[in-house]
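The values are calculated or read from the model by the stated rules, or taken from the named source; none is laboratory data. Because the structure is a prediction, the values reported are computed rather than measured. Glycine gets a Cβ as well: all are built from the backbone with ideal geometry, and neighbour counts include every protein chain shown. Surface areas here come from the heavy atoms of the whole protein model, side chains and all, with no ligands, DNA or RNA. Shrake-Rupley method; radii C 1.70, N 1.55, O 1.52, S 1.80 Å.
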Amino acid sequence: MVVIGAGVMVSPTRAAADERPVLVLDATGTDEGRTMVARIEKHMGPDPALGPVPDRFRLPLREPTATDTSWKAEESVAAEARKLLTPIGYRQAAEIARAAQDRLARFAGDPAARALLSELVLIEGLAVAGASGLDAARPLFLLVHRLTPGRTLDPGRYLPDVVKAFNAAAVTGATGRISIKAVGATEVLVDGVPVPGGEPVVGLPVPAGPHIVTVRGDEISSDGRRVEAVASNTVPFQLTPVEAPLEVRLGRARDRLVAAGDDPARVLAIRDLLGAMKPTSHALVVVRGDDGRLAARVFTDRGGLGPSRPIGGDVAAAVAPLRPIKTGPIGGGNGNDPFGGGGKPVVPIDEPWWRTSWFKASGGTVAGVAAVVLITVIVTRDAGTSTFSPGVEVEQ
């Protein structure tokens, strides 16, 4: 019973361990490529040696990259703030417009969101000009120019003095410096423009006044805020980005793979995908061959990205390079030459049936059933008799 019990515990575990998860990827960005990925995953499903990665990693790759348009909610905020541009509402208008800028700062890399951000800064500038004079609004007008270069004000909508002050603010005055730290970010934008070198930014010269700082990265959720630069001083500024959700990180790496123009870029994207999921270091990538038809490339952690092999209708052939390699006699050849010269190629020999994964799994199951039957017979036998020695009385 002890031996049988051990077999029940060990055999299924060994069989399960033999299955190797493989990430199947579409690098074509087409419906045809996605359909082929589904076919290959279905083929691997019942395979005792290979299988697709778990659904929590696989399913997000089927979905298109989500576009965050939550910034559009600030359009109504801008409209509300503009209505308050009256002598009794200047202060409130400035406060509403200022708060919205912090919420929008992480979207400054998007041209449409940046245009709305510029509008909110302009509204704040108009409110400050109404409450404290045009000179006080100059730094804000300068930020509008930085966010939307070439912008002008309609003379039919704004007073001549306001239009003149706005145009004059396009000329940079005093400068200061800002240093930006955001661990995990790979890109830093100031007023919507990427800073060369990325994070950290040390002593970046900027005009004195407000600026919009945005940080982005493949592994983090975008973040941002407004910062004030002081003339002739360096202002330290720090953001603490958080890791992006798994499905977002997978989608970004998938998009980089589809957009990659060479193998180094493809390998980097594949490694990022495998690193995000961790259950496997192998991938099968569906690509376009030189003839325009679908082909497969195998990626392994040791061998990198392999050559392109046409798929056609033979899905099994595409998966074959990932199966365990079966070896022949040492030295190769025909078996007669110990140095492997001059013989025919060795034909791979299948493993003995008692060593295959299906036998390990089924053997464990049979052993388990046998153990249950045996225990049931012992427990349910008639009192006073032994099932091992029929007819022999047991002392009461």
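Condition first: part of a loop (DSSP other than H, G, I, E, B) and within 22 Å of residue 244 (Cα to Cα). Now tell me which residues in the range 166-194 satisfy that. If you could, list the steps in order and put the result at the bottom.
In the first step, residues of the range 166-194 are kept if they are part of a loop (DSSP other than H, G, I, E, B); the result is 169-174, 182-186, 191-192.
Residues satisfying the conditions are 182, 183, 184, 185, 186, 192.
Look at (1) at pLDDT below 95; (2) open to solvent by 50 Å² or more (accessible area, probe 1.4 Å) and you find that residue 80 fails only one, number (1).
Checked against (1) surrounded by fewer than 21 Cβ atoms within 10 Å (Cβ to Cβ); (2) within 16 Å of residue 226 (Cα to Cα); (3) free of Cβ contacts under 8 Å to residues at least 40 places away in the same chain, residue 141 meets all criteria but (1). Among the residues of the range 144-156, those identified as open to solvent by less than 30 Å² (accessible area, probe 1.4 Å) and not in a loop (DSSP other than H, G, I, E, B) are 144, 145, 147.
Of the residues 252, 225, the single one that is open to solvent by 30 Å² or more (accessible area, probe 1.4 Å), closer than 30 Å to residue 206 by Cβ, modelled with pLDDT of 95 or more and basic (Lys, Arg) is 225. Residues of the range 242-259 that are part of a helix (DSSP H, G or I) and within 10 Å of the chain's Cα centre (by Cα): 246, 247, 248, 249, 250, 251, 252, 253, 254, 255, 256. Taking helices (runs of 4 or more DSSP H) as the structural unit, those lying wholly within the range 35-135 and holding at least 3 residues that are out of contact with any His (no Cβ under 9 Å at 6 or more places or on another chain) and farther than 30 Å from residue 149 by Cβ correspond to 55-58.
State whether the residues of the range 116-123 include one that is open to solvent by 50 Å² or more (accessible area, probe 1.4 Å) and either touching a Pro at 6+ places or on another chain (Cβ under 7 Å) or closer than 17 Å to residue 158 by Cα (or both).
There is no residue in the range 116-123 that is open to solvent by 50 Å² or more (accessible area, probe 1.4 Å) and either touching a Pro at 6+ places or on another chain (Cβ under 7 Å) or closer than 17 Å to residue 158 by Cα (or both).
Only a single item in (1) more than 26 Å from residue 71 (Cα to Cα); (2) of a type in the set (A, V, I, L, M, F, W, C); (3) open to solvent by 10 Å² or more (accessible area, probe 1.4 Å) is not met by residue 169, and it is number (3). Scanning the range 273-304 for residues that are open to solvent by less than 30 Å² (accessible area, probe 1.4 Å), in a loop (DSSP other than H, G, I, E, B) and among the small types (Gly, Ala, Ser) yields a single hit, 289. Scanning the range 196-215 for any residue that is outside any loop (DSSP other than H, G, I, E, B), polar (S, T, N, Q), modelled with pLDDT of 95 or more and more than 25 Å from the chain's Cα centre (by Cα) turns up nothing. Put simply, of 292, 312 the only residue that is of a type in the set (Gly, Ala, Ser) and touching a residue at least 12 places away in the same chain (Cβ under 8 Å) is 312. For the range 254-274, does any single residue satisfy the condition of being among the basic types (Lys, Arg), within 21 Å of residue 223 (Cα to Cα), out of contact with any Leu (no Cβ under 8 Å at 6 or more places or on another chain) and without any contact (Cβ under 8 Å) to a residue 60 or more places away in the chain? No: the range 254-274 contains no residue that is among the basic types (Lys, Arg), within 21 Å of residue 223 (Cα to Cα), out of contact with any Leu (no Cβ under 8 Å at 6 or more places or on another chain) and without any contact (Cβ under 8 Å) to a residue 60 or more places away in the chain.
How many residues are out of contact with any strand residue (DSSP E or B) (no Cβ under 8 Å at 6 or more places or on another chain) and on the phi < 0 side of the Ramachandran plot when one looks only at the range 150-191?
Of all residues in the range 150-191, those out of contact with any strand residue (DSSP E or B) (no Cβ under 8 Å at 6 or more places or on another chain) come to 150-171, 183.
Of the ones still in play, those that are also on the phi < 0 side of the Ramachandran plot are 151-171, 183.
Matching residues across the range 150-191 total 22.
Between 156, 130, the distinction of being in contact (Cβ under 8 Å) with a residue 40 or more places away in the chain and more than 42 Å from the chain's Cα centre (by Cα) belongs to 130 only.
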